[in-house]
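What follows is one structure encoded as structure tokens, with my remarks underneath.
The values are calculated or read from the model by the stated rules, or taken from the named source; none is laboratory data. For clarity, every value in this text was computed on a predicted model and none was experimentally measured. Cβ coordinates were reconstructed from backbone atoms using ideal geometry, including for glycine residues, and neighbour counts include every protein chain displayed. All accessible areas refer to the heavy atoms of the entire protein, side chains included, with ligands and DNA or RNA removed. Shrake-Rupley method; radii C 1.70, N 1.55, O 1.52, S 1.80 Å.
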Amino acid sequence: MFFIELEPVFNNDGAVLPLDFEVELKDTEYNSACPFVAPVRVKGKVINSIGIVSLVAKAEFTLNLTCDRCAAPFTRDFSIPVEHILVTETNDEDNDELIVIDSFHYDLEPLVTEDIILSLPTKVLCKEDCLGICHRCGKDLNDGPCDCGKEYDPRWDALLDFTQEDL
């Protein structure tokens, strides 16, 4: 848990509260594994600008992942923005853009954890042009072609009799 005291920020225009803390997510599952290799580092600030209290920060972390195409393990660094407007009350109950705080003694960890989980990609690749594995022999095609040869489908044989002139 990382509690911050927000009363001085809410009560003083121009007030700035610097943030620098870690969130431990080693037990958080993602793609049926726990890929967080170290605590998430969060740096930023809470600022009151003309009565609008904003949280502006970055969460930086490293994940151990498995490629969804070739199943190779790899490590990737992430840096995601954590940006929210904090309010003590709102007239619009359906407003998801504002974070309503119940107490000036506020725990940032659940908010940051939610932002991180929602920002993670649904499909991860070891590299953008990953070729995956051969569906017949299982060879990693990033290491070169396999010996399976081109797959033949006899259903296309009827089209071989057509020429450009027939069309």
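Some notes on this structure:
- Odd one out for Glu22, checked against (1) open to solvent by less than 90 Å² (accessible area, probe 1.4 Å); (2) assigned to a strand (DSSP E or B): (1)
- Pick from the range 35-63, criterion farther than 12 Å from Phe78 by Cα and either of a type in the set (Lys, Arg) or free of Cβ contacts under 8 Å to residues at least 12 places away in the same chain (or both), ranking: least open to solvent (accessible area, probe 1.4 Å): Lys45
Conditions tested, residue by residue: (1) open to solvent by less than 50 Å² (accessible area, probe 1.4 Å); (2) among the aliphatic types (A, V, I, L, M); (3) within 30 Å of Ile80 (Cα to Cα); (4) in contact with a His (Cβ under 7 Å, 6 or more places away or on another chain).
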| residue | (1), (2), (3), (4) |
| --- | --- |
| His135 | no, no, no, no |
| Asp140 | yes, no, no, no |
| Glu151 | no, no, no, no |
| Arg155 | no, no, no, no |
| Ala158 | no, yes, no, no |
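- Candidate set: the range 110-121, residues that are within 17 Å of Ile99 (Cα to Cα), open to solvent by less than 90 Å² (accessible area, probe 1.4 Å) and not hydrophobic (A, V, I, L, M, F, W, C); chosen: the one nearest to the chain's Cα centre (by Cα): Asp115
- Residue match in the range 122-144 (condition: over 33 Å from the mean Cα position of the chain (by Cα) and assigned to a helix (DSSP H, G or I)): no
- Test set (1) open to solvent by less than 40 Å² (accessible area, probe 1.4 Å); (2) within 27 Å of Pro39 (Cβ to Cβ); (3) not aromatic (Phe, Trp, Tyr) - Asp68 fails condition number: (1)
Here's the yes/no breakdown for (1) assigned to a strand (DSSP E or B); (2) open to solvent by less than 70 Å² (accessible area, probe 1.4 Å); (3) hydrophobic (A, V, I, L, M, F, W, C):
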{"site": "Met1", "(1), (2), (3)": "no, no, yes"}
{"site": "Thr28", "(1), (2), (3)": "no, yes, no"}
{"site": "Phe78", "(1), (2), (3)": "yes, yes, yes"}
{"site": "Asn91", "(1), (2), (3)": "no, no, no"}
